[in-house]
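These notes concern the structure reproduced below.
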Amino acid sequence: MNHLKTTLKQRRQKLAQTFPDPVLLWSGCAPSRNFPANTFPFRASSHFLYFAGLNLEDAVIELDNGKLTLFLNNPSAESILWGGEKPNRDDIAETIGADRAYPLSELTTYHSEAATIALSNPMIVQQQKEVLKRDIPQPTQATGEDQKLIEAIINLRLCHDESAIAQIRQAAAVSIQAHQAGMKATQPGKTEADVRAAMESVMIAHNQTCAYGSIVTCHGEVLHNEDYSHTLQAGDLILADVGAESLMGWASDITRTFPVSGQFSATQREIYDLVLSAHDACIEAVAPGVEYKDIHWQAAKIIAEGLVEIGILRGTVSDLLEKDAHALFFPHGVGHLLGLDVHDMEDLGDRAGYAPGRQRSQRFGLGNLRLDRALQPGMTVTIEPGFYQVPAILNQTKTREQYQDMIDWERLAQFADVRGIRIEDDVLVTSEGAEVLTAKLPSQRDRVEALTHA
Ligand code: GLY
Ligand code: MN
Ligand code: MN
């Protein structure tokens, strides 16, 4: 039996141990851009992909006590005319080790009692309702058997098997090359778009895609900036958060921040080294049994201590942390789960990221933390501390008043050339500790400088 079939069989057998009842999972379909034949790229639902392995459009699988049934239409004459010959249903069933395969029309007569997970595409939700003859709420509202299925799938997908880890490694390897290409392409006078093109061309050349919209910006203070129009100036930093997705849909997620001139300024150096020390200490802390939230607090503490030392924050570190002063400059969490989705399983809201019984805090310094679980071997997480000067935070009258005595605004003004720095790596929790899957991409300041337009 080939590797894919074995992996998929093991996954559905594991699911059957906690959820033996019938399950129907839809792959989805590509939404069209304005007219039907011009679609956005298709990407199957991650829950489908986990058990079916292939990016099959308009497909449904049934999982029933370890057995796999595929529902898929054979390619139509029209689709062969425009898209060429494709494997037929029986070929695909053979590739993924399905026990049975039927056309989609069989679905309505075949099963009406199965658990499922709603997709976000309303057209597919309509199909789900018609087949299952009941309301199918979005996953965050799921109840009954659907909720039990979600819990069983979370427990499976939280810790990756060897095949998944191999896929994440493949994606990470391509992302590393993409970042090296981006650093090399960086020159004053080029644009953010030029650097993005250099990075994404590496993915395209490997027949991979982006796991998320690339962030390649000299305005790193905009956390998920997707504008690429600026021309790079010698004193700028570029923040590049770019990650490839492997052929089977597994994500990687890397951020590096590098100087357009090839050398950090004295102020950029100070903050870069501070973010790097938080990054390194947090990676060092990753191990089974460790609470991810504690790692977040470790990053917050290091950043607060460093900012006090630099003279940007004033006060005792414990008081500053208690008042969330660090979050003025580090407003997001230290990272998240990584898997088939870059923020893995966030279609399920916080059900995957937060252990049962835990809830997201309303606190300014914790509200953006996406993961609050004890780490287990096989989990893959990102570690991505940062420092940002976000005008929407720092220029608010309320913030200015509340933190007036805790910030030395004059000192902060000296760091005007540090808009945003993030350093992000992908870390696999192992039984002994951790492995940084993206370690081959340097993060030390001098090595990053050496790679920039080298
Ligand atoms: N690439 C998005 C993130 O780092 O969360
Ligand atoms: Mn990330
Ligand atoms: Mn990222």
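Overview of results
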| item | result |
| --- | --- |
| 0 to 90° range, to nearest 10: angle between helix 192-205 axis and the chain longest Cα axis | 40 |
| Length-normalised contact order for the chain - Cα pairs under 8 Å, 6+ apart - percent | 15 |
| Solvent exposure ordering (accessible area, 1.4 Å, most first) of V381, V308 | V308, V381 |
| Which listed pairs, of K9/K67; K148/K293; K14/K67; K301/K440, have C-alpha distances above 18 Å, in listed order | K148/K293; K301/K440 |
| Nearest 10 degrees, 0 to 90: helix 144-157 Cα axis against the chain principal axis | 60 |
| 15 Å Cα-Cα reach of K86 towards aspartates and glutamates, excluding residues that sit fewer than 8 places from it in its own chain | E57, D58, E78, E94 |
| In degrees, nearest ten, helix 266-285 long axis to first principal axis of the chain (Cα) | 50 |
| Solvent-accessible area, 1.4 Å probe, carbon plus sulfur percent, for the range 223-366 | 50 |
| Sites matching GluC sites (Glu not before Pro) across the range 102-179 that sit in DSSP coil, with at most 15 neighbouring C-beta atoms within 10 Å | E113 |
| Accessible solvent surface per residue of the chain, calculated while the other protein chains remain in place, 1.4 angstrom probe, Å² | 43 |
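The values are calculated or read from the model by the stated rules, or taken from the named source; none is laboratory data. Just so it is clear, the model here is predicted, and its values are computed rather than measured. Cβ atoms come from the backbone with ideal geometry, glycine included; neighbour counts cover every protein chain shown. Accessible surface areas use protein heavy atoms only, side chains included; no ligands, DNA or RNA. Shrake-Rupley method; radii C 1.70, N 1.55, O 1.52, S 1.80 Å.
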